[in-house]
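Engineer: Got a structure for you, written out below as structure tokens; questions coming shortly.
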Amino acid sequence: MKANKRKRSSLFTMLIWHYIFFSLTVAFVLGSLYSIAYMKADEIFKYPQVDDLITHKQAVLEGDYSQVTVEKFLGKGGYIEILNQNLKTVYQSDKSKPMGVYTQGEIDCIPTYMGNDYVLIDEYVTTSGKQKLLMTYESAYDEDSKGYVLLDEDLNVITSSKPQSKTKYTERELEYLTGTFSSEYDVWKHPYQDGHTLLIFSPSIRDEDIDRYYTIIRGVNYIFIIFYILMVILFVYWLNRKVKKPLNLLNTAIGSFSNGQKEVIIDYQGPNEFVEICENFNEMSIQLSESEARRQELEQEKQKMLADISHDLKTPITVIQGYSKAICDGLVKEEQLEQYLTTIYHKATGLTQLINNFYEYSKLEHPEFKLNLEKWDVCEYMRAYLAEKYDEVELSGFMLDIDIPDEPLMCEIDPLQLRRVFENIMVNAMKHNPIGTTLYVTIKKQDKDIQIILADDGIGIPTHLVSTLFEPFIVGDDSRNNKQGSGLGLAISKRIIEAHNGSIQLATKPTVPYHTEFRIQMPYLKKP
């Protein structure tokens with residue numbers, strides 16, 4: 001089964017993308033929750049939009065105070081007062097509040113909105129038991145604004161780091177300076193150039209508001225933790241499904257396979273790593289199925305071979321047994337005795353040859369069988385073999401046509417076993433062809449191989465036997481009762497050639513003038 005070549009994502013890439021999605025989702029939810037918390041905090045801590053309030057300067061100067069929507073800028077409960085040049089209140093947005101009365105000193109002590117200066121108060125007692133107050137002026141940007149003023153217990157100025165005309169402070173002025181005038185409001189001022197002064201009373205942040213804010217923050221944290229845990233659980237659940245799905249498919253397939261189902265195929269699409277595992281399993285399943293089919297085929301061949309062996313052994317043994325019994329019982333006449341004994345001898349000789357062939361075939365099939373390889377010039381080896389065979393061929397009424405090159409062609413061969421191959425083919429050619437048939441022997445060099453051709457121009461081999469010719473107990477005559485030979489010769493030859501890392505085949509279209517052509521390929525061994 002070929003692997004599917006379409007593009008798939010790997011498990012690592014998929015995990016990276018899902019982890020990125022997981023992280024972005026968590027970040028988005030976290031940002032959303034804290035944005036909600038910020039909006040809630042903005043509702044709780046309504047910071048005064050004094051800048052927007054101040055932009056209504058023209059409406060203030062024209063006395064059109066109705067255009068100044070104070071609550072929008074200062075939040076619920078906030079209000080303003082507008083003082084003229086004489087510090088008289090000309091407008092107060094919240095009529096429920098008492099009308100303010102201010103002195104110039106008090107106005108001077110109210111901090112200016114967006115001012116950079118602030119005052120720190122330190123209270124201490126001298127060694128003589130007198131109470132002192134130290135007011136320290138700090139500035140975020142202006143070093144010249146920094147300084148201090150030392151007050152006694154009656155708030156009289158004792159000394160100052162800068163010259164000033166003020167010699168005494170009132171309690172209310174000190175409260176305005178330190179921002180302790182009111183626990184409900186923060187007070188600022190904004191002077192206009194025409195002499196009007198805008199006093200801004202913005203609601204102070206209360207402890208309960210801070211508690212509400214921290215309650216919201218805790219709630220956001222709890223919601224995020226719960227959401228994060230749920231996301232982790234979902235991520236683990238998704239990962240578990242992605243991993244367990246192919247494993248479950250594999251487990252089911254293995255179970256089906258172990259229960260006898262053949263060629264179990266897994267259809268899975270997903271991460272590349274798991275797809276490869278499933279495809280490898282499918283290939284293994286197909287190979288095992290094919291192997292099982294081949295095993296059953298071999299088992300059938302084995303049963304057939306045993307039946308053939310039994311038949312081939314039974315026939316001569318039956319003849320030998322019958323003829324021997326007849327002789328022992330005195331049923332054979334004197335003039336027939338020699339004929340009976342000759343028949344018994346020939347049957348015993350054939351039986352011995354059949355057993356020897358079967359032994360050789362079984363020995364070649366044994367996994368521990370090894371050739372005794374030697375380096376030989378195949379051309380010289382073939383000449384020596386044909387020289388020994390020549391008289392036999394000629395006396396049998398056959399002719400030899402030999403084409404062997406003079407150039408040495410080296411191979412690693414087992415001389416005894418290779419002789420058996422040539423002998424089987426030559427003997428079959430003389431056994432199954434009429435007298436006068438020419439036997440051809442040719443050797444050629446082809447790339448990295450040596451080709452040995454053993455052919456004849458006899459009657460040829462029946463077409464229906466070509467595909468099974470090298471199987472055991474296949475002979476030229478379909479009738480097993482009339483055939484000659486054991487049918488193991490070519491099967492033995494095939495095993496021997498394959499043990500030499502070569503191949504042997506019967507040409508389906510023999511070269512003219514051949515009618516039967518065996519082609520043997522042997523690995524060529526270069527000369528050192």
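Engineer: Looking at D267, D211, which one is in contact with a Leu (Cβ under 9 Å, 6 or more places away or on another chain), surrounded by fewer than 14 Cβ atoms within 10 Å (Cβ to Cβ), farther than 30 Å from T103 by Cα and outside the structural domain of K95 (by TED's automatic domain parsing)?
Structural biologist: Details: D211 fails: in contact with a Leu (Cβ under 9 Å, 6 or more places away or on another chain).
Residue meeting the stated conditions: D267.
Engineer: Output the residues belonging to the stretch 201-215 that are touching a helix residue (DSSP H, G or I) at 6+ places or on another chain (Cβ under 6 Å) and in a strand (DSSP E or B). Write out each step before concluding.
Structural biologist: Filtering the stretch 201-215 for residues touching a helix residue (DSSP H, G or I) at 6+ places or on another chain (Cβ under 6 Å) gives 202, 209, 212-213.
Hit for the stretch 201-215 is S202, nothing else.
Engineer: All but one of (1) in contact with a His (Cβ under 7 Å, 6 or more places away or on another chain); (2) modelled with pLDDT under 75; (3) not acidic (D, E) hold for Q261; state the number of the condition that does not hold.
Structural biologist: (1)
The values are calculated or read from the model by the stated rules, or taken from the named source; none is laboratory data. What you see is a predicted model; the values in this text were computed from it and never measured. Note: ideal-geometry Cβ built from the backbone for every residue, glycine included; neighbour counts use all protein chains shown.
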